[in-house]
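Asks: Take this structure first; my questions come after.
The values are calculated or read from the model by the stated rules, or taken from the named source; none is laboratory data. Computed from a predicted model, the values in this text were never measured in an experiment. Cβ placement follows ideal geometry from the backbone for every residue including glycine, while neighbour counts extend to all protein chains displayed.
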Ligand code: FES
Ligand code: FES
């Protein structure tokens, strides 16, 4: 069945005709053309597809787009403004938290979700928040440093 979906995506209202069985990941990448959100395992195990739904990190490969009716969705494309990187983007850049980069959008969105609700997390809280995301390249140490760098920037008013 096809229905009309109304949502707010990256700060803009949208109305789209969608099939009941369309996944949010496929909606973002194929219908809207936002390819920053990555398809990894396609089964809820890697976190590469993480986006924020009403501020909460969520696996878009396990989410039917029909369930975001009336909700706010933020993807990696929402970050930064006027050519400036957001704090978390800067953290990943400065601290070399990204190598091949395939996992990076998911890690960044999970980190943004964390810092929006907890601007000064402990190492344990960072590890817990990123526990659903897998990286095959970095060994995670640089990623933790990136999030801490972003938290420090947040104290100077740079949004996550
Ligand atoms: S692609 Fe969604 S968790 Fe791996
Ligand atoms: S940077 Fe390559 S998988 Fe994470």
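Asks: For region 44-57, enumerate the residues that are within 9 Å of ligand 1 (Cβ to nearest atom), free of Cβ contacts under 8 Å to residues at least 24 places away in the same chain and within 25 Å of residue 3 (Cα to Cα). Don't jump to the end; show me each part of the working.
Replies: Filtering region 44-57 for residues within 9 Å of ligand 1 (Cβ to nearest atom) gives 44-50.
Subsequent filtering for residues that are free of Cβ contacts under 8 Å to residues at least 24 places away in the same chain retains 44.
Hits for region 44-57: nothing passes.
Asks: Is it the case that residue 97 is within 16 Å of ligand 2 (Cβ to nearest atom), surrounded by 16 or more Cβ atoms within 10 Å (Cβ to Cβ) and in contact (Cβ under 8 Å) with a residue 60 or more places away in the chain? Give the steps one after another, and end with the answer.
Replies: Values: within 16 Å of ligand 2 (Cβ to nearest atom): yes; surrounded by 16 or more Cβ atoms within 10 Å (Cβ to Cβ): yes; in contact (Cβ under 8 Å) with a residue 60 or more places away in the chain: no.
So residue 97 fails the test.
Asks: Go through region 58-73 and count every residue that is away from ligand 1 (no atom under 11 Å from the Cβ), under 18 Å from residue 113 (Cα atoms) and either out of contact with any strand residue (DSSP E or B) (no Cβ under 6 Å at 6 or more places or on another chain) or assigned to a strand (DSSP E or B) (or both). Let's see the steps before the verdict.
Replies: From region 58-73, those away from ligand 1 (no atom under 11 Å from the Cβ) are 64-73; that's our starting set.
Among the residues that remain, those that are also under 18 Å from residue 113 (Cα atoms) are: 68, 71-73.
Remaining after also requiring either out of contact with any strand residue (DSSP E or B) (no Cβ under 6 Å at 6 or more places or on another chain) or assigned to a strand (DSSP E or B) (or both): 72-73.
So the count comes out to 2.
Asks: Does region 85-140 hold any residues that are part of a helix (DSSP H, G or I) and either closer than 16 Å to residue 46 by Cβ or within 16 Å of ligand 1 (Cβ to nearest atom) (or both), and which are they?
Replies: As a first pass, look at region 85-140 and keep what is part of a helix (DSSP H, G or I): 87-94, 104-117, 123-129.
Answer for region 85-140, where residues must be part of a helix (DSSP H, G or I) and either closer than 16 Å to residue 46 by Cβ or within 16 Å of ligand 1 (Cβ to nearest atom) (or both): 104, 105, 106, 107, 108, 109, 110, 111, 113, 129.
Asks: Separate question: What is the residue count in region 76-93 for residues that are within 15 Å of ligand 2 (Cβ to nearest atom) and surrounded by fewer than 20 Cβ atoms within 10 Å (Cβ to Cβ)? Working first, answer last.
Replies: Filtering region 76-93 down to residues within 15 Å of ligand 2 (Cβ to nearest atom) leaves 76, 88-89, 91-93.
Subsequent filtering for residues that are surrounded by fewer than 20 Cβ atoms within 10 Å (Cβ to Cβ) retains 93.
Result for region 76-93: 1.
Asks: Right, another one. Could you say which residue among 153, 115 is at pLDDT 95 or above, within 14 Å of the chain's Cα centre (by Cα) and either within 12 Å of residue 92 (Cβ to Cβ) or more than 16 Å from ligand 2 (Cβ to nearest atom) (or both)?
Replies: Criteria check complete, one pass: 115.
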